[in-house]
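A.B. asks: Here it is, the structure, as structure tokens.
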Amino acid sequence: DEQQYDYDVLVIGAGPGGYVAAIRAAQLGLKTACAEARETLGGTCLNVGCIPSKAMLHASEYYDALANGAMAKMGVKATGVELDLDTMHGQRRDAVKQLTGGIEYLFKKNKVEWLKGRASFTGKNSVEVAGKTVRAKNIVIATGSSVTPLPGVEVDQKVVVDSTGALELPKVPQHLVVIGGGVIGLELGSVWRRLGAKVTVVEYLDQILPGFDGDVRKEAQKIFKKQGLEFKLSTKVTGVAVSGDAATLTVEPAAGGESQTIEADCVLLAIGRKPNTDGLNLEAAGLSVNGRGQVEIDHDFATAVPGIWAIGDVAPGLMLAHKAEDEGIAVAENIAGLTGIVNHDIIPSVVYTMPEFAGVGLTEEAAKANGEVKVGKFPMMANSRAKTNHEPDGFVKIIADAKTDRVVGVWAIASVAGTMIAQAAQAMEFGATSEDIAYTCHAHPTHSEAIKEAAMAVTGKPIHI
Ligand code: FAD
Ligand code: NAI
């Protein structure tokens, strides 16, 4: 009986998945509430993830460019360059405050009710939030993820930090050791390296940036090395001992062997993230998690229990904000009886360092495993705008099916690769061939021309190399 429900849709979690789902559901005329345990809306991404990390990356890049003489080379000279870390943190907090406040405004505007507190299932259609039972016809689980712990490493947010602690260090460490050469390690490692820390990245695998194209991973390591990051690859951390302000890491070869120690005054644990389901009481709803702790869903984001849906980091797939947002829109549309679809084969990934590393679709390795491919590559060194801006590092690589010429993957290393990759995703979404991209007029002089030239290189005819 419809009458007994308080809401048509209750979303649990107000991250990019949950808040977007809630807004779209309300836009579609459904009575919607969103439960959030945090003091502010926006989830990991706005509060302690995408946004504050980009604020620190942006500001530290300016500092580095002035301090390392890159600005002076362009005739912009400054003396007495100083780091005012408090102001840098202040502008980060301002950005977060404005954006989380913006979501609160959007909730009011769209009449999404914010239920403040941690939600826990009490049945298939009911949850408890802040001591109150709420019934909803549809419940969307969008509880996100949190840091994966490492046995033997205790995060105290002072000497041993996770990404949240690493965003707000009160002073620049002398030696920051990052455990994990993935996206967080490279972004936040770059921030503190630029601000003056010695940074060592300890990575279990023999290459950094898992999931990225092989060429990109190789080049990334060279570029970061040139920027002063040090790497210990094929190495595992077996423990961290903290004494006062100092940490001693014990590491050993990933394959086993003699252990070594590394001294540091700050350790960042960044070995991945795990889905948040603790305390949700999924059992009460008749749900369980898979071997990776995720809530399983079908193509429509429906779980095994009718009326319960899951999206974002808590569900399988890439743990990215834009993936969560698109799933948020799609799940709301499905609940409303429309057709909500996300093409999980075309989700861009971006590392927001300088240069940026970006990709969409298949890596060359994966594409080759599927069949014959043609690959076109174009170096940023030969792109006039990158050259003019003194940004010689990087390349664009386009992978196309050898028979049909259809583009199956695009990878880019460039100062603005994250922006450039959007056109690649759109082209692939439209089923473009490399020829389609090569014969599309691109404005000159732009970094994006490198995508056009890489497409021309697929059939062997770029102009500028
Ligand atoms: P979340 O954003 O994690 O939100 C879930 C929310 O649910 C949280 O606010 C949590 O408090 C709440 N919650 C959990 N359980 C309950 C409960 N029982 N009751 C009520 N509320 C609950 N991705 C990108 O695409 N680009 C980036 O640049 C990027 N940078 C990142 C940088 C860092 C340092 C980190 C840690 C992550 C970054 N990510 C980035 C990943 C991105 O933050 C996540 O993919 C994204 O936030 C997932 O969205 P979500 O809605 O699934 O979950
Ligand atoms: P990650 O999965 O990107 O990288 C973790 C790295 O740690 C891997 O290279 C892995 O091999 C390594 N590792 C695992 N166990 C280890 C051990 N015991 N010792 C040493 N190395 C070990 O995870 P990360 O960097 O923590 O980020 C989590 C997620 O957050 C990312 O997967 C991404 O989805 C998201 N994120 C996205 C960003 C973006 O889009 N720009 C930025 C930051 C985070």
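Just so you know, all these numbers are worked out from the coordinates, no wet-lab data involved. Since we're looking at a predicted model, the values are computed, not measured. Positions of Cβ are backbone-derived with ideal geometry, glycine not excepted, and every protein chain shown enters the neighbour counts.
A.B. asks: Percent of Cα-Cα pairs more than 23 Å apart in segment 1-142, please. Show your work: numbers first, answer last.
C.D. replies: Working: 4794 of 10011 pairs.
It works out to 48 percent of all Cα pairs.
A.B. asks: Two decimals, Cα atoms only, Kirkwood Rh: what is Rg/Rh over segment 407-465? Please report the intermediate quantities before stating the final value.
C.D. replies: Values: Rg = 10.6 Å, Rh = 11.5 Å.
Rg/Rh: 0.92.
A.B. asks: Neighbouring Cβ atoms within 10 Å as the yardstick, rank 259, 163 fewest first.
C.D. replies: Working: 259 12, 163 22.
Neighbour counts put them in this order, fewest first: 259, 163.
A.B. asks: At 25 °C and 0.890 mPa s, grab the translational diffusion coefficient of segment 98-213 from Stokes-Einstein with a Kirkwood Rh over Cα pairs, rounded to a whole number in µm² per second. Can you show the working numbers first?
C.D. replies: On the way: Rh = 18.0 Å.
Result for D is 136 µm²/s.
A.B. asks: Given 4 °C and 1.567 mPa s, how large is the Stokes-Einstein diffusion coefficient of segment 224-376 in µm²/s, with Rh as the Kirkwood radius over Cα pairs?
C.D. replies: 66 µm²/s
A.B. asks: Can you tell me the length gained on complete extension of the stretch residue 248 to residue 218, counting 0.36 nm per residue apart and subtracting the Cα distance?
C.D. replies: 7.9 nm
A.B. asks: How large is the Kirkwood hydrodynamic radius of segment 339-465, counting all unique pairs of alpha carbons, in Å?
C.D. replies: Working: mean 1/r = 0.0699 Å⁻¹.
Answer for segment 339-465: a Kirkwood hydrodynamic radius of 14.3 Å.
A.B. asks: Go through 411, 62, 335 and say which Cα lies farthest out towards the positive end of the charge dipole of the chain; charges sit on Cβ, +1 for Lys and Arg, -1 for Asp and Glu.
C.D. replies: About the Cα centre, the residue reaching furthest to the positive side is 62.
A.B. asks: Could I ask something else about it? Please state the Cα pair-distance histogram of the chain with 10 angstrom bins from zero: what percent is in each bin?
C.D. replies: 4, 18, 26, 26, 19, 6, 1, 0
A.B. asks: Helix-only estimate, please: 222 nm mean residue ellipticity of the chain, summing -39500 (n - 2.57) across DSSP H runs of length 4 or more and dividing by its residues, to the nearest 500.
C.D. replies: Values: 14 runs with 151 residues, N = 465.
That calculation yields -10000 deg cm²/dmol at 222 nm.
A.B. asks: Can you tell me how much longer the chain between residue 388 and residue 255 gets when fully stretched, taken as 0.36 nm per residue apart minus their C-alpha distance, in nm with one decimal?
C.D. replies: Working: separation 133, 0.36 × 133 = 47.88 nm, distance 4.53 nm.
Computed gain between residue 388 and residue 255 is 43.4 nm.
A.B. asks: Send over the Kirkwood Rh of segment 316-404, from the inverse of the averaged 1/r over different Cα pairs, rounded to one decimal Å.
C.D. replies: Working: mean 1/r = 0.0629 Å⁻¹.
It works out to 15.9 Å.
A.B. asks: Also, quick follow-up: Starting from the exponent 0.38 and prefactor 2.2 Å, build the expected Rg for segment 100-153 from its residue count and divide its actual Cα Rg by it. Don't skip to the answer; put the middle values down first.
C.D. replies: On the way: Rg = 15.2 Å, N = 54, 2.2 N^0.38 = 10.0 Å.
For segment 100-153, the normalised Cα radius of gyration is 1.52.
A.B. asks: What is the sum of charges, Lys and Arg at +1 and Asp and Glu at -1, for the other residues whose Cβ falls under 15 Å from the Cβ of residue 235? If you can, show how the numbers build up before the last one.
C.D. replies: Working: positive: 232, 236; negative: 203, 206, 230, 252, 258.
It works out to a net charge of -3.
A.B. asks: Next up: For a 20 Å ceiling on Cα separation, which of these pairs sit above it: 73/198; 171/226; 31/116; 226/368; 73/387?
C.D. replies: Values: 73/198 24 Å; 171/226 24 Å; 31/116 17 Å; 226/368 31 Å; 73/387 14 Å.
Check vs 20 Å cut-off fails for 73/198; 171/226; 226/368.
A.B. asks: Hey, another quick one. Sorting 50, 441 on the 10 Å Cβ count, fewest up front, what's the list? Working shown, then result.
C.D. replies: On the way: 50 20, 441 6.
Exposure proxy ranking, most exposed first: 441, 50.
A.B. asks: Moving on. By Kyte-Doolittle mean hydropathy of at least 0.0 and Cα axial length of at least 20 Å, which whole DSSP H helices of the chain are selected?
C.D. replies: Numbers: long enough: 50-67 (25 Å, 0.21); 85-110 (38 Å, -0.85); 321-335 (21 Å, -0.31).
Helices passing the filter in the chain: 50-67.
A.B. asks: A further question on this structure: Could you pull out every one of the lysines with an alpha carbon less than 19 Å from that of residue 77, ignoring same-chain neighbours closer than 8 positions?
C.D. replies: Counting by Cα, and skipping residues close in sequence, residue 77 has no lysines nearby.
A.B. asks: Sort 121, 301, 231 so that the residue with the fewest other Cβ atoms within 10 Å of its own Cβ comes first and the one with the most comes last. Working shown, then result.
C.D. replies: Numbers: 121 22, 301 26, 231 17.
Neighbour counts put them in this order, fewest first: 231, 121, 301.
A.B. asks: Give the residue from 166, 153, 120 lying farthest towards the positive end of the charge dipole for segment 106-175; charges sit on Cβ (+1 for Lys and Arg, -1 for Asp and Glu) and the dipole is referred to the Cα centre.
C.D. replies: 120
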